[in-house]
Each structure stands twice: as C-alpha cells, then as structure tokens.
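See below for the structure under consideration.
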Amino acid sequence: MTFELILVLAAGLFCIGLFGALSQQSIVMIMMGIELMIGGIIVAAACFWHFLAPDAPSGQVIVVAAVVAMAVEMAMGFAVTTAIYRARQVDMTDMAECLKG
Amino acid sequence: MDVTGLVLRAAAARPHVLLATLPGGTAARLEAERVLRLRDWPLAATPAQADVLLVAGPDCPDLRAAVNRLWQDLPAPRALVHAPGAGGVEPALETGQARLGSRADQRPRAEEPGRTTRGGDAGGPHHQEPRGGEDHGEGHAGNGGSHDDGDGDHHHAAEARHGDSQAGPQDHHDGPEGHDGGNGGTGRGHAGHEGHGGHEGHGGHEGHGGHGGGGMEMPGGLPMADQGEDRDGLTLDQLHVPLGPLLADWPAGLTVRVTLQGDVVREAEVEEPPWSDITGREAFWVQPWLRAAAGEPVGVGEAARRRAAAHLDSLARLLSVAGWPAEAIVAKRLRDDLLDGAPGASVAPRLERFARRVGRSRTLAWMTRGIGQVSTEEAREAGVSGPAARAGGDVTDRYRQWLADIRRDVGRLEGPSPLRPAVDESPRGCWRDDDPPSAALIALLPNLLTGAELAAARLIVASLDPDPDELAAARGTVGAHD
Amino acid sequence: MTEAGAWWTLLAAPAMLLALAGLAAAGHAVLAARDAGRPVGPAAMVRPFTGVPRALLAQPRRLPAPDVLLWRAGVITVPVAAVLSTLVIPFGGVTVADLSVGVVWFNAMEVLTWAGLWLAGWGPDAAFPLVGGYRFLAQGLAYELPLMFALISAATGAQSLRVGDIATSQQGLWYAVWMPVAFIVYLAGVLAFSFLGPFAYPAGRDLAGGVMSETSGADRLVLRAGRWLWLAAGAAMAVPLFLGGGAGPGMPAWAWQAVKTLLVLAALVLALRRLPMIRADRYVEFAWVVLIPLTIVQVLVPALVDLNR
Amino acid sequence: MTTTDLLLLGVLGALALTGGVLVFTLDSMARVTFSLLASLACAGGMVTVLGLPYLGVVIVLMMVMEMVIMAVFMIAYMMNPAGLMPMSMLHNKRGSLVISAVAFAALVVGIFGVSWPRRTGARPKDTTFQVGMSLMGRQMLTMVTLGFVLLATMVGATVLATHRGRYDRFGDGLDQRPANDPAGGGVGR
C-alpha cells in the first residue's frame, strides 16, 4: 500500500506542477511548475526503484537524468527570459506570442 | 533587587555606541573613538546594532531631523547623549551607560504617561544635553506606549521589492502620513532613517514605467519604483538612496544622493552642505593653517603632526570601508598617539610595521586597483592640490601616497621653523580661504561615482576623504574678512 | 573505524561545537584587544560574551514592511545548518550519524547558508541588508565550486564519501600534505561560508553591516553565533578530511583530534585578521579562471594514485 | 521499511504537497520560491528515506542553490515580487484546473488499476556505489549524453544571456587592451 500511496503523492506533485505550468502567465512561474512536475517524476522513480527493482540501477539513473533535466530547464529558461526581456521588456508568455521580434 | 535590573546592568557592561558626528565635531569624534577603543565599547554601524547614540559635535539644526530618525530606530533599552566638544565625551558616555543600566525602574508603562515620555524616545526631561534635547520629540506627536510600538503603523509599506537582480529597491517612503500615526511608539514604523544612508528612497516614483496598474491602489498609497535604462540592458528599477550625512565611516555632514540600479550607481549628486549656521564649527584638521593664516606663530612640526594624523584618520576610514578592521584600529591608535603628542621616535617603528603591512598588501591593492581613476592632470585641472593630485591614479595609488606622506611627516615632527600656510600643504591640499581643498575633492565625486558599484563608490569617497568642515571654516573666514 | 554514537552524542556534538565557536570568538577578541592597545587578559576574552544578555534584552527591530517569517527562517537557518553539518564528523571514533554520504551531507548543509543569508537580507526590506544578501550569492558562486572540488579530492583519495573512512584512509600521510591545493581551497571556503574576515563581503562595513545591519537583539545574536559556529564546524571537518582525523602517537584519538581542530581554528582566526575583505566582483573571476582549474587538476592526482594502487 | 521510515515518508510527502500548493497560491515571489524549495527538498528527503541517500542529499543541495538563484531572477523579472499588491497572474484558470484534475484522476486510476509486479532482487549494500558503477559502466552512454547536454546548456545559456560580445569588449579589430568593460574583473585587468 505504501508503494501506491507514494505514487499518488508523486502524481499529486506532478499535477500541481501541471496546473501551474498551464495557468501561469509569467515565464518564471511556468518554470516553477515544470520544476514541480520533475520533482514528482523523481519521487516516482525512486519509489519504483525501491519497491519494484532495487537490484537494477536504471531506476537511479532515471533520477539522475531528471535532476539534470531540472538544471538544464532552469538555465535555458532564464537565459531565454533574459534575452526576451532585454529585447522587448516582456516576461509574460501572452506578450511573447509573436516571436518574430 | 529584581532580576531585570541585574540583567540590565550586565547588558550595559559593554554598550554598543552609534556615533553620529555632526559637522565641526571632528575633535569630539576623535576623542570618542579613542575612549571607545580603550574601553572596548564597539562602534555600531547602524541604529539596529546600537544601545547608545552619541551625538558628537556642536548642535546642528539642519541635521536634527536626521539625528532624530536615528534615535527612533534604536531598539530599547537605549540612551541618547550629546557631546558638543571633546571634553564632553567621557561624561556623556558615562551618562549613557548609567541610563542603560538603570532603566529597570524607568521601564515605561502605558498607564504612566509621565514616565512614558521619559523612558521612551521623545525629548523630555530625560535628555539633559544642552541643546540637542528638545528636538527629539518632533514629528511623532502621538507617542502612546513607548515600547510596545506600532504594529499598526506601517504606513510606509515599502512597496518596491520589485526588484532587480542585485539590490531590489526597498523604498522606505516617508509617506506624507508617515509621522502622525496614532501610537507610533518608538517610531519604528517610521521608515527611512535617511540620516543613516541607504534606507530611504524617494523622489521620482510617480509613473512607474509600465508595470503595475496606473489606477490600481498601491500598497500603502505609494507608487512603484521607476525603471530606467541601465548598464546591462535589463531596465532595472531605480532606487534613490542618500548616502550620508551621518553614515558610519563617511565624511560627517556630506550627503551624496545616488540613484542605484542593482548596486551600480547610475547618478550621483552632491547635496549642498545643509548647515546654515556655522558658528562654533572648527575645522580640526586645518586648525594650524587657519591659525597661521590669522597671524599666530605655528611651527612646522605641529602642522606635520596634524597632517600625519589626518592622513592616518583617512586611512583608518578607508581600511574600515575596505573591510580590514584589524589594520583600521592600528591606524586609529597611531593617530591618537600622534595627537597625544607622542614623540616621533616612539611612533616610527609601529608606523613602519603598519605601512609595510598595508602598503605592501597585495590583496588590498588587488581590491582597490582601477577604482576611481584620477590622473594628476585631471586632478590639477579640477583644482585638487593635495595627496590625491600627487598620487595621480586609482585608490591604490592614493592610499600609498598617504602612507608615504605620513612617513615623511613623522620624520619632521620636531621641525621648529614657522608654518607658511601658502606653501606648506594642509592635509588635503594647499589651504586657501576662498577655495578650500576639500571643495575640489567634493566636486570630483559625481563623475567618479557614476558607474561605480556601491562598494567601489564607498572606496572612492574614502580614498579622497573630503572634509566638509573645511567648507564651513572657509566660509567663516571669508565672511570675517569681508 | 567509526561507529554511530548513542543518543547523548546528539546533545554533546552541538555543545562541543558551541564551545569551539566560543573559543574562536574569545581568541579573536584577544587579538583585537592587542591591536587596539587594550590590556590582554582573561577579561578581554570574556568581553564579547557580555553581548548575550544584551541581545536577549534588546527589543527586536521593527521595520515598515518586513517579511518576518522569511527573515526569521533565514536567520535561524545559518546556525542550525552549522550544527547539522557536524553530525557526520567523527570525534574520537564516534559519529552522531555515520552517513555513508557524509561529505555530501556537509556540503548540502553548507549550501543551506546561501538560502539562510539571502533570506536574512531579504526579510528586513531595506536596501543595505538586501545588497548584503545578494552579495553572499555572488560570493557563493565564487567559492562553492572550488570548495566542492576540494571535498571531492579528499573523497576520491579515500574512495569513500563516509567521513570516517576518509580519516582512516590517511594512515601515514595526511591529505593536507599531498593535496595542498585542496586543503587551502577548503580553508578559504570555510572562511567564505562563515562570512568572516576576508570573506565578510555580505556583512561589510561599507554596507553598514550588510545582512546584519538591520538585525538586533536575539536575531543578531543568532546570526553572529551562526558565523562562529560555521567557522568551528569547518575547522572540525578539516581534521578528518585533510589531517588524518584522530591519528597520532602517544595520545588517544579524541585528544589528537581536539588538538588538531584547535590548531586549525587558531590558524583560521589568525588568517581572518590578516587579510582585507575580498569583494566577490574580483574574486569570482579569480575563482573561475584560476581556482577551478587548479582544483580539477588536484582531483586528478588522487584519481591517478587510486588507479595505480 | 521501519515505522520511522513510514512516518518520515508521510510527513515529508505531506510537506511536499503543501509546498507545491503554496507555490501557486502565495503572492510574494520570495515566499513562492522558498515554498518550491521546501517542496523539492522534501522530495529529496523522500528519496533519501527510500534508500538513495546520495541522490536525496544531492537533490537537496542542488535545489537550494537552484532556488536561491531562481529567486534572483524571479525578483528581477516579476512585477510586484514582494506580493504587497495582490493580483492574479493566471490565465485560463478553469481549463488548467480541469486538465490537471483529469490527469491526476487518470494517474490515480492507473496506479491502483495496474497489477504491479512483485519486487525482484535485493537492495545492494551501497546504493551510491550502484549508481556510480552503472553510470560509468553499462549506462555510460546516458552519462555521456547528459554531459553533452549540460555542456550545450552552458554554452547556449551564456550566449543567450550576454549582450556584449568580444567586439564590444575589444573593439572592432579585437586589439583594444584593456577590454572596455563597465567594471574590472579579478584577473588580468
């Protein structure tokens, strides 16, 4: 039962993040939503590793990959925000719709 | 004997002192720094860290509001004392400590109105200092309870956390309604301690470019911060911060209004010295020159002593700003010994050691390199004549020049020949009544500060170290001659 | 070998850390008294601690629009993280929590001060503390990576992340001897995360105290204690990482460890008075252009030694 | 799993969820960032309790650094970062809510609907060793890919975020020394 409950929790984190990523206007807030989603994935992967296949290292490798994804998403997100902001003083997705600059 | 009283006295054993030097208070400041150093009472840098506010120097009506704001920001238990001259420092500090320790029976109770005023902030009979006492109550008439102060008094609502990548402007507005809040208490709700620099932003906030909503209700009724072009093209918010006039390690009375974006100074503007009344202000560092100019016989040795001490004082300030308190205290000690009349032979070895450590410090040179470049030609054109002009370079060159000058002067402490004020340089340059050397140094500041980071700006000011007292003295002598 | 300690070690470790921090502060006070021309003696040592009743008595600072929750959280984080970091340090063969990833734990706790100091700067809602908080981030970006590589050097040499294993693997030859770069970078890192002396940039006098400028009373006491606790924790960690832990002839392990810790602490206190403040705007470039390559090369050394073992 | 572990998992999980909800309900950007930090740090704690101490502690370490840096950008780019003036920053709130609720429901149904396999194999003694050996052994390709992705990110992010190139610094002929920078660096100049 613990296994399922932890998965539900991970799903909860993922869906809160999904809501944020879909509903927020600010690019930075959207990134926060994505971070939460990846956080859910990390918990789920650790849970699968622990309860299903602790002898297979792949579960851990997924966690490593997710952590790297988080870092990459952050770095690129902020770089893009900085570039857009510098060019057009915009930090909202609605205003950045037209990417023609 | 209650426990509170015991604890109070234990706490008062080593009070932290916030030194607010008024224009003309150099002698009192030096004495206070000496006494505090020997007693091991730490010098606080902000009101939040202090127990005793020591106002050093002759009363200055123009700065009363600033002093008052500092006082309001001191957390209780606290004491305010005033030392108009060097002689008043020791008794003032004694009084301050006694007041801190005996507060047990003075703890204000809301139901005892008489006591409240005394224990609290406003100037009641509690402050016996001759001139500085009465004005401390101004501006917060509605002081109810003194210590349980104003939770409900947050009019200022520094809105602008709205920030920027480095130092989001925190505008503590002195909103128009800021000072009549019902029970402002110790006035902690009254925001900016402008006098202390760096906390109050104001001016130019209407409009807030593009962000927020024009018609929206602003927090605390305040508009948002302005934005503007900046160095990195990020259009950061602008924060208007006054540096001075009572900032620690800062020329007393000098006010520079800077516009910050992040911690980069976008614009700097030197405010006219605020004091209108210059009677009783002495320019401590140029005294020998003033006396010689007035016809008194003054020896070169005395002038050299004063000049070396002045440079050591400037160095101590620079080292303090540069974050080297261990050497700053050594410089202050050398300065005090020189002013005490110590013979050159007894000071020289310690001075050598100090000059070697500071002058040859690679780290310090690395930190100050390339900051505040003023070539000799530029300096001469601007009318600067002292060490700043002779050094001709950055902050590093200027402090090394000071060190060289000090070593030269310490060799001449016993010079018997009379001082010729027109030829012998005063600490900051050739003394002229109509154009004191500090005026040229101050005039250099706006250009040098623009584009510097806050830390670099502090270093630049400390490395030029203009003395606003000279301005008052010059005006005084010019007035007397006319 | 190290073993996990009994429940009482959970209380003993913070007490020892506090004592160590107190000694460092007292030593610093004595040096200050000597420089200022005051009599040097036991009285000078005790002077700084008169600030304790003073701090407990003082009224907390009230500002117009502070974020008190975050402010408090930040102020408390600093000393708490310092205490937590010591849980993995073996003392005389006993560790409070003998984690298999002790080095990473220490590093993670140290990084918590980033959050703590930034919050302590943000909370009061005033310009100088905020600049101070941001300054610590700049400083962190400079010191953190070299420090991580220094920690990794020691871990690589021992082929373990367990602090106890690192101490025992240095039989005969201390890591400080054949990994001098890592040792020095680590010591600089200690000064940096305790934001003292040359790394007092976030709390600089040019900002009237920076992150500390608006704190008063108990908050201020906690933040100041946090600095010295971090200095003590860093000195205590240096011994198992680089100085062979409790190994030494003639004396029991705990005695050797205490002696070495005190020596490292004394060296740090002396060093923090000998240097002016190093601003991060200069240090970042130095750290990234000079220190990171140096420490990477330093990590290579134990790696190659391991391969040839 | 011991009772302590279960208890820890429960507490950390509840905190992680609370933090996650707070991220999108609080006004102050600083508080938002630090509730996200709390949430992700609790996730890291759960990973630790689940038997992966290395990854758990590294997640905490990384999240602290990342979130503190994130706070800087949050405050730089958001309007009203202190949340002193409440305002809604949402668009299409109802749609997002429906989508995420449906996703959650589907996931929960899946979690309880699937018949999960039994646990295979035993836990290795040192899980840190396990992940290290696998990343340097059979999963080497993953590691290499991640390495290149990180390198590309570093270069790409730097290029995007800087607005001054070498021609701005060294002049059109790249021969201007010292470089024309607004502030000096620590090495060389």
Which whole-Hz ³J(HN,Hα) couplings does the stretch C:207-214 yield from phi under the Karplus relation 6.51 cos²θ - 1.76 cosθ + 1.60, θ = phi - 60°, glycine and proline marked x? 9, 6, x, x, 4, 8, 5, 10
Coil-residue trypsin sites (Lys or Arg not before Pro) of the stretch D:111-156, DSSP, other Cβ within 10 Å capped at 11: D:Arg118, D:Lys125
In Hz, Karplus ³J(HN,Hα) per residue of the stretch C:146-161 (6.51, -1.76, 1.60; θ = phi - 60°; x = Gly, Pro): x, 5, 4, 5, 5, 5, 5, 4, 5, 5, 5, x, 8, 6, 7, 9
For chain C the mean separation of alpha carbon contacts under 8 Å (6+ apart) over residue count, i.e. relative contact order in percent, is 25
Amide H contacts under 5 Å for B:Val374, restricted to residues at least 5 apart in sequence or on another chain and with H modeled in the peptide plane, are B:Gly393, B:Asp394
If R0 is 56 Å, what FRET efficiency do you get for C:Asn308 and C:Ala97 from their C-beta distance, rounded to 0.05? 0.95
Filtered trypsin sites (Lys or Arg not before Pro), the stretch B:292-367: DSSP coil and at most 14 other beta carbons within 10 Å: B:Arg360
Taking every other residue with Cβ under 10 Å from the Cβ of B:Leu53 and scoring Lys and Arg +1, Asp and Glu -1, one gets -1
Could you list D:Tyr167, C:Tyr175 so that the one with the fewest beta carbons within 10 Å of its beta carbon is first and the one with the most is last? D:Tyr167, C:Tyr175
Compute the signed sum of charges (Lys and Arg +1, Asp and Glu -1) over the other residues within less than 9 Å, Cβ to Cβ, of D:Leu40. -2
Label-to-label distance, nm, for residues given as B:Ala422 and D:Asn180 (7 Å Cα→Cβ offset): 4.7
Amide H to amide H, which residues 5 or more places from B:Gln238 or on other chains are under 5 Å from it, using H placed in the peptide plane? B:Asp226, B:Gln227, B:Gly228
Within 10 Å of each Cβ of B:49-55, how many other protein chain Cβ atoms are there on average? 2
What is the mean number of Cβ atoms from other protein chains located within 10 Å of the Cβ atom of each residue in peptide D:12-20, rounded to a whole number? 5
By how many nm would the segment from C:Ala12 to C:Met251 grow when fully extended, if each residue of separation counts as 0.36 nm and the alpha-carbon distance is taken off? 83.9 nm
Give me the orientation-averaged projected area of the Cα convex hull of chain C, in nm², one decimal. 16.5
If you take every residue apart from B:Val374 with its C-beta less than 15 Å away from the C-beta of B:Val374, what net charge results, scoring Lys and Arg +1 and Asp and Glu -1? 0
With n ≥ 4 as the cut-off for DSSP H runs, can you work out [θ] at 222 nm for chain C, using -39500 (n - 2.57) per run divided by the number of residues, rounded to the nearest 500? -22000 deg cm²/dmol
Each residue of the stretch A:55-71 in turn: what ³J(HN,Hα) in whole Hz from Karplus with 6.51, -1.76, 1.60 and θ = phi - 60°, glycine and Pro shown as x? 8, 9, x, 4, x, 5, 5, 4, 4, 4, 4, 5, 4, 5, 4, 4, 4
Distance between modelled label sites at A:Leu52 and D:Thr158, nm, 7 Å Cα→Cβ extension: 4.0
For a quick check: with amide H placed at 1.01 Å from N, whose amide H comes under 5 Å from C:Ile278's, ignoring anything fewer than 5 positions away on the same chain? C:Phe199, C:Ala200, C:Tyr201
Fewest to most neighbouring Cβ within 10 Å: what's the order for D:Thr120, D:Thr48, C:Thr215? D:Thr120, D:Thr48, C:Thr215
Measure out, as a whole number of angstrom, how far apart the alpha-carbon centroids of the stretch A:1-80 and the stretch C:230-307 sit. 36
Quick one: C:Trp174, D:Trp116, fewest Cβ neighbours within 10 Å first, how do they rank? D:Trp116, C:Trp174
Taking only DSSP H segments of four or more residues, each worth -39500 (n - 2.57), what value at 222 nm results for chain D once the sum is divided by all its residues, to the nearest 500 deg cm²/dmol? -22000 deg cm²/dmol
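Since every read-out is calculated from the coordinates, none of them should be taken as a lab result. Bear in mind the structure is a predicted one, so any value in this text is a computation, not a measurement. Note: ideal-geometry Cβ built from the backbone for every residue, glycine included; neighbour counts use all protein chains shown.
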